[in-house]
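Below is one structure; the comments refer to it alone.
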């Protein structure tokens, strides 16, 4: 009898130990699985957690149905204040893209205050705040804004090829061609750099100014240059050009110019980190 009771106690003790171990294992494995699922959601496009689901978006405006590259049509006015009583500081052509800092409503019309880059080659040319009225020629949209990387995206199968002799831009995903479009590369005195590079920065809008020391003495002031893909630290960019229509021939200070609609299409397709091959 005593032996039986002792055996029962041993059995009960062993059972409690096994159950305790199982409970601990279930807890640990469950926690690990939850962590794994959370990581997969963040990396592979599953349901993101709160820490990874918030992406800050920025407002931009694009100009359309205004004047063409040569000024034909009605250009959109950029003014020194929010209202038609303020002086016009610049006239904007179709294709211009500008970042919005904030906006104000005046007599039923939205006025967008423009935010230029903190880095300008000639900041003295921008004097005070400037505004653009939200007319039917102005389209508001949102974008993630500037994106940057410090290395090649080795996992991507995408690449861009700029052919100088053909004055063409090609975009490939593996062996599949996504785009083949005419472009304008650098003039003889301001050639586009040859070689293999990668897109280290992309931004929907950039204020470009000249002259560029040791590159060009030409004066220019181009706010809202759209759909910019930077591929050299020296400032070579694939971007839209709203100020000329001379595509298929050299026409730039070293950048690769595309029609605005083409540049937007390429911008939305291209990831930061993908190779850019510039060849003769």
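Out of 134, 108, which single residue is modelled with pLDDT under 95 and not assigned by TED's automatic domain parsing to the domain that holds residue 200? Break it down stepwise before answering.
Values: 134 fails: modelled with pLDDT under 95.
Testing whether each residue is modelled with pLDDT under 95 and not assigned by TED's automatic domain parsing to the domain that holds residue 200 leaves just 108.
For the range 84-109, name all the residues that are in a loop (DSSP other than H, G, I, E, B) and crowded, with 18+ Cβ neighbours inside 10 Å. If you could, list the steps in order and put the result at the bottom.
Here is the first cut: in the range 84-109, the ones in a loop (DSSP other than H, G, I, E, B) are 84-87, 94-96, 107-108.
Across the range 84-109, the qualifying residues are 94, 95, 96.
Are there any pairs, at least 6 apart or on different chains, whose C-beta atoms fall under 8 Å, with the first in the range 231-260 and in the same structural domain as residue 179 (by TED's automatic domain parsing) and on the phi > 0 side of the Ramachandran plot and the second crowded, with 20+ Cβ neighbours inside 10 Å and outside any loop (DSSP other than H, G, I, E, B), and if so, which?
248/184; 254/186
Within the range 154-193, count every residue that is in a loop (DSSP other than H, G, I, E, B) and surrounded by fewer than 13 Cβ atoms within 10 Å (Cβ to Cβ). Before the answer, list the steps.
Taking the range 154-193 and keeping what is in a loop (DSSP other than H, G, I, E, B), we get 154-157, 164-167, 174-175, 183, 185, 187-193.
Filter once more, so that each one left must be surrounded by fewer than 13 Cβ atoms within 10 Å (Cβ to Cβ): 154-155, 157, 165, 174-175, 188-189.
Matching residues across the range 154-193 total 8.
Yes/no per residue for (1) closer than 18 Å to residue 160 by Cα; (2) touching a strand residue (DSSP E or B) at 6+ places or on another chain (Cβ under 9 Å); (3) part of a strand (DSSP E or B); (4) modelled with pLDDT under 95:
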residue: 220; (1), (2), (3), (4): no, yes, yes, yes
residue: 232; (1), (2), (3), (4): yes, yes, no, no
residue: 245; (1), (2), (3), (4): no, no, no, no
residue: 257; (1), (2), (3), (4): yes, yes, yes, no
residue: 262; (1), (2), (3), (4): yes, yes, no, no
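The values are calculated or read from the model by the stated rules, or taken from the named source; none is laboratory data. In this text, all values refer to a predicted model and were calculated from it rather than measured experimentally. All Cβ positions, even for glycine, are placed from backbone atoms using ideal geometry, and neighbour counts span all protein chains on display.
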